[in-house]
Amino acid sequence: MNGVLHWARLSFRLQRLEILLLGTAVLVSSLLMLWWAFELNGVAAAYPDCAFFNGDATGCAAAQERFFEIFGAAEIIIRNTWVAGFAVGLVLGVPLVAREVEHGTAQLAWTVGRSRIRWLIGRVAFATLVTVLLTALLAVTTEVLAAAMRPDITTSQSFEHYGNRGPLIVGRAMLGLGAGVVVGALVGRQLPALLVGVFVVGGLYAASWAWLPLWYHGEAEVRRTNEWLGSPLYIESGIELASGERLSFTEVFEGRADLLDTYQAKDGTHYATEADAEAGRNPLGRDYILVIPGERYNEIVARETAVFTGAGLLLIGGAAFVTSHRRPA
Amino acid sequence: MTPILEAHDLAKRYRRGVWALAGIDLEIPAGGITALVGPNAAGKSTLIKTWVGFERPTRGSVRVSGIDPWKDRAAALDHIGYVPQSPALYDGLSVEDHLDMAVLLRPTFDRNLARERLDQLGIPRAAGARSLSGGQQAQVALAIALGTRAEVLLLDEPLASLDPLARREFLHVVTDAVRSDGGTALLSSHIVTDVEQACDRLIVLGVGRVLLQASVADAVATHRVAPADEAIGEVIATFAGPAGERVALQRDGDGRPATLEEIVLGYLASARAVPERGQAA
C-alpha cells in the first residue's frame with residue numbers, strides 16, 4: 001500500500017501540469033453546469049404550471065425567457081462535452097511515454113527497472129485513475145444539467161443529449177487515453193504525438209459513428225414518421241415498399257429515384273398518382289424510421305462505454321508492445 | 001577470467017544504412033575499469049546500448065554475465081547499472097524522489113548507498129533535479145546506477161559535458177566504487193586524458209571496429225614512439241606530433257615509451273587505412 005501511495009505521489013509530480021490544468025478546467029465547467037442546473041430547476045420550480053417544451057405557454061413568457069436564456073448558455077457547453085472525454089484522455093496519455101523518450105528519462109527508468117511493461121502499467125494506472133475521476137465528475141454534472149434542461153422528460157429513458165452526458169464521457173476518455181499512450185510511444189515526442197493523437201481519435205470517433213448504426217440496425221425498431229416520440233436514437237430512415245422490402249433513403253436516391261416522384265399522404269404513404277393517394281389505393285410504400293427507443297438509453301450507453309473502454313485498453317496493450325520494443329531516445 | 005561483457009561478431013546498421021559497428025569481438029573480464037575510447041561516431045554509445053538492450057544487433061550477439069539482453073532483458077538488466085551520455089533526470093522530481101522511484105522500480109535498490117554517495121558530494125537530496133548543475137546531475141545518475149548494486153557499470157560518455165572539476169569528482173567516485181566493491185566499469189570517452197588515470201584496461205574503437213584491446217600496463221609497455229623517418233619496429237601508424245612533426249607509433253622497436261594518448265592516436269590513425277564501415281560490413 002505504501003508503495004502504491006509513493007508511486008501515485010511520484011506519478012502526480014511527473015504529470016502535475018496536465019493534472020492541474022485539466023482538473024481546473026473540469027472543476028470550473030462542472031461548477032458552471034451545476035449552477036445552470038440549479039438555476040433551471042429554480043425556474044421550473046417557480047413556475048410549475050408552465051410547460052417549457054411542447055405545451056401551452058400562455059402566461060409563461062417571463063418564465064420561458066429566463067429558462068431559455070440559461071438553456072441557451074448551457075447548451076453551448078453540453079453540446080461540446082463529447083470532446084472533453086477525448087481531450088482529458090489524450091492530454092494525460094500522450095506524455096506517459098513520449099515525454100520520457102523526448103527528455104531522455106526513459107534511459108533511467110528502463111534500466112533501473114527490470115520490466116518496461118511493469119513500469120508502463122504503473123504509469124498508466126495512475127493516469128487512468130485521474131482520467132476516470134475527472135471524467136466521472138463531468139459524467140455526473142452533465143447528467144444533472146441535462147435533466148434540468150429537459151424537465152419534461154426522464155433523461156435516463158431518452159437519447160436527448162446522447163453522447164454528451166453520462167458514462168460515455170468516461171468511456172471516450174479511456175479511448176483517448178489509450179490512443180494517447182500508443183501514439184506517444186510510437187512518435188516519441190509530445191507535441192507531434194498530441195497532434196497525431198487528435199487525428200487518430202478523430203478518426204476512431206468518426207469510424208464509431210459510421211459503425212454504430214450498422215451494429216444497432218438489427219435491433220432497431222420501426223417507427224413511422226409521425227411516431228417520432230420519446231427522444232429515441234435515430235438509426236436510419238427510408239421507404240418500406242408494399243412488398244415489405246425496406247430501402248433506406250440512400251438506397252432510394254441511388255436506385256429507386258422514381259419513388260421520390262410520387263404523391264405522399266400525411267401518414268408518409270407513397271402513391272403513384274394523386275387519385276390513388278386520395279383514394280388510398282395501390283400504395284407504393286411508406287416512409288419509416290429505424291430507432292432505438294429511449295427506454296433502452298441506459299443499456300446502449302453502458303454498451304458503448306464498454307466498447308470505448310475496451311478499445312482504449314486494447315490500445316494500451318499496443319502501447320505496452322511498442323514501449324517494450326522501442327529505443328528509449 | 002570469466003568475461004562479464006561479451007560481443008561476438010557484433011554489427012549494427014542503422015536505418016539510414018550507416019554501419020555503427022562492423023563486426024566486433026570483445027571480452028571484458030570482471031573487475032576493474034575499462035576505458036572505451038574512440039572519436040565521435042566511433043560506435044561507443046551503440047556498443048554500450050546493445051549491452052543495455054536499447055539497440056538490437058544487426059548481426060552477432062552480446063552478453064552480460066552470460067545473458068543475451070535481447071533474449072532476457074530483465075535478467076541482463078539485473079547485472080547492469082547504466083549512466084547515459086546526458087544524465088536526464090526528471091525535472092519535476094527532487095533528488096530524493098529519484099531514489100524513491102528507483103526503489104519502486106527495483107526493490108533491491110540500495111537507497112542508503114546512493115544517499116551516502118550523494119551526501120559525501122554535498123548534493124542536497126531535497127533539491128529539485130532542475131536546480132542541479134550538470135556535474136551534480138551526472139553524480140545523481142551515477143549514485144542511482146551504484147545503488148542498483150549491479151555487477152557492471154556502463155558509463156556512456158558521462159564526462160562529456162562536465163567541467164574539469166566535476167570530471168575529476170565523477171571519476172573519483174567511479175574509481176572508489178569499483179575498487180571498494182570489486183565491481184566492473186566500462187567508461188566510454190572520446191578524450192583519453194579524461195580516463196587514463198582511472199582505467200585498468202583500454203579498448204580503442206574506431207570506424208566501428210576494435211583497434212586495440214589491452215591492459216593499460218601492457219599497452220604502455222609494448223608501444224613506443226619515434227620520429228616517422230627513424231622508426232624501425234612494427235609501425236602501427238604515423239601521425240602528427242605536438243609540434244606538427246610526423247611521429248610513428250610502433251610496437252616495440254626504438255624510441256621513447258608511448259603515452260596512452262599517443263597509443264590511442266596511433267591506433268585511430270591506423271583506422272584511416274581501414275575501409276569504410278559500410279563497405280567493411
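The values are calculated or read from the model by the stated rules, or taken from the named source; none is laboratory data. The structure displayed is predicted, hence computed values, not measured ones. Note that each Cβ is placed from the backbone with ideal geometry, even for glycine, and that neighbours are counted across all protein chains shown.
Applying the criterion of being within 13 Å of B:ARG13 (Cα to Cα) and more than 14 Å from the chain's Cα centre (by Cα) to the residues of the range B:26-63, the residue that is nearest to the other protein chains (Cβ to nearest Cβ) is B:GLU55.
Determine whether A:LEU90 is farther than 30 Å from A:ALA311 by Cα and among the aliphatic types (A, V, I, L, M). Answer is no for this residue. Is there a residue being within 12 Å of chain A (Cβ to nearest Cβ), over 18 Å from the mean Cα position of the chain (by Cα) and closer than 26 Å to B:ALA198 by Cα anywhere in the range B:120-139? Scanning the range B:120-139 turns up at least one residue that is within 12 Å of chain A (Cβ to nearest Cβ), over 18 Å from the mean Cα position of the chain (by Cα) and closer than 26 Å to B:ALA198 by Cα.
The rows are residues; the columns are (1) assigned to a helix (DSSP H, G or I); (2) at pLDDT below 85.
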residue	(1), (2)
A:ALA185	yes, no
A:LEU195	yes, no
A:VAL201	yes, no
A:TRP209	yes, yes
A:LEU214	yes, yes
A:SER231	no, yes
A:ILE239	no, no
A:GLU251	yes, no
A:ASP267	no, yes
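Residue check: is B:VAL174 more than 14 Å from chain A (Cβ to nearest Cβ), part of a helix (DSSP H, G or I), touching a strand residue (DSSP E or B) at 6+ places or on another chain (Cβ under 6 Å) and buried (at least 23 other Cβ atoms within 10 Å of the Cβ)? Don't jump to the end; show me each part of the working.
On the way: more than 14 Å from chain A (Cβ to nearest Cβ): yes; part of a helix (DSSP H, G or I): yes; touching a strand residue (DSSP E or B) at 6+ places or on another chain (Cβ under 6 Å): yes; buried (at least 23 other Cβ atoms within 10 Å of the Cβ): yes.
Yes; evaluated as a whole, the condition is true for this residue.
Within the range A:1-83, which helices (runs of 4 or more DSSP H) (wholly inside it) include 1 or more residues that are away from chain B (no Cβ under 14 Å)?
Because the criterion is at least 1 residues that are away from chain B (no Cβ under 14 Å), the helices (runs of 4 or more DSSP H) in the range A:1-83 that meet it are A:16-46, A:61-78.
Looking only at the range B:90-119, residues that are crowded, with 20+ Cβ neighbours inside 10 Å and either at positive phi or more than 14 Å from chain A (Cβ to nearest Cβ) (or both) come to 2 in all. Total residues in the range B:69-89 satisfying the condition of being in contact with a strand residue (DSSP E or B) (Cβ under 6 Å, 6 or more places away or on another chain) and more than 10 Å from chain A (Cβ to nearest Cβ): the figure is 1.
Being among the small types (Gly, Ala, Ser), more than 20 Å from A:GLU69 (Cα to Cα) and assigned to a helix (DSSP H, G or I) is the filter here; which residues of the range A:140-161 pass it?
A:SER156
Can you confirm whether the range A:302-315 contains a residue that is outside any helix (DSSP H, G or I) and hydrophobic (A, V, I, L, M, F, W, C)? Within the range A:302-315, none of the residues are outside any helix (DSSP H, G or I) and hydrophobic (A, V, I, L, M, F, W, C). The set of residues in the range B:196-249 being more than 18 Å from the chain's Cα centre (by Cα) and among the polar types (S, T, N, Q) consists of B:THR222, B:THR238. Does the range A:11-39 hold any residues that are of a type outside the set (A, V, I, L, M, F, W, C), without any contact (Cβ under 8 Å) to a residue 24 or more places away in the chain and surrounded by 13 or more Cβ atoms within 10 Å (Cβ to Cβ), and which are they? Scanning the range A:11-39 gives a single hit, A:ARG13. Within the range A:251-273, residues that are touching a residue at least 24 places away in the same chain (Cβ under 8 Å) reach partners that are surrounded by 18 or more Cβ atoms within 10 Å (Cβ to Cβ) and of a type in the set (Ser, Thr, Tyr) with beta carbons closer than 9 Å, at six or more positions or on different chains, in the pairs A:GLY268/A:TYR288; A:HIS270/A:THR262.
Residue-wise test of (1) modelled with pLDDT under 80; (2) under 24 Å from B:ALA41 (Cα atoms).
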{"site": "B:GLY233", "(1), (2)": "yes, no"}
{"site": "B:ILE236", "(1), (2)": "no, yes"}
{"site": "B:GLY244", "(1), (2)": "no, no"}
{"site": "B:ARG251", "(1), (2)": "no, no"}
{"site": "B:ALA258", "(1), (2)": "no, no"}
{"site": "B:LEU265", "(1), (2)": "no, yes"}
{"site": "B:ALA269", "(1), (2)": "no, yes"}
{"site": "B:ALA273", "(1), (2)": "yes, yes"}
{"site": "B:GLN279", "(1), (2)": "yes, yes"}
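Could you say which residue among B:LEU202, B:LEU165 is assigned to a helix (DSSP H, G or I), more than 14 Å from chain A (Cβ to nearest Cβ) and more than 28 Å from B:ALA75 (Cβ to Cβ)?
B:LEU165
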